[in-house]
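Rule-based calculations on the coordinates, nothing more; no lab input. Since the structure is predicted, the reported quantities are computational estimates derived from the model, not experimental observations. Backbone-built Cβ (ideal geometry, glycine too); neighbour counts: all protein chains shown.
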Amino acid sequence: MEVRKDNLIVDLTFSFSLEIVKYTEALEGLRKYNLANQLFRSGTSIGANVHEAQNAESKADFIHKLKISSKEAEETRYWLLICQKSENYPNCENLLSQIDSIIKVLGKIISSSKNNSKSYAN
């Protein structure tokens, strides 16, 4: 059995993915298939890329995978804003709050990882 230290971004994105699954199932129940599909793909991709980054081959690979996660998070935020502003869509305020937090944490990790890489290069 794998023993893993607590990792904030891994935990945040995994929990968010589970919430996205529930929300997109609700959208499908309302026959909002196109938006559900887009949101499912981008929303679960964030955590998948963060998870993959944990086994990166190098610092550059780690940063690259987190940048992909960040781009997916921004796309997910866009789809959630569409849901928020559209009529007859379930409430997604909690998901918007979560994605904003994820975007901030990813930004800080990417920034500090880049700064640490520069420190080693000098």
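So here's what we get for this one:
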{"quantity": "Residue under evaluation R41, criteria (1) closer than 14 Å to V21 by Cβ; (2) touching a residue at least 24 places away in the same chain (Cβ under 8 Å); (3) not small (G, A, S), criterion not met", "calculated": "(2)"}
{"quantity": "All positions within region 81-99 that are part of a helix (DSSP H, G or I) and surrounded by 13 or more Cβ atoms within 10 Å (Cβ to Cβ)", "calculated": "L81, I82, C83, Q84, L95, L96, Q98, I99"}
{"quantity": "Region 50-93, subset of a type in the set (S, T, N, Q) and more than 14 Å from the chain's Cα centre (by Cα), residue nearest to D6 (Cα to Cα)", "calculated": "Q54"}
{"quantity": "From the options E72, E52, E57, residue that is more than 21 Å from N116 (Cβ to Cβ) and of a type in the set (D, E)", "calculated": "E72"}
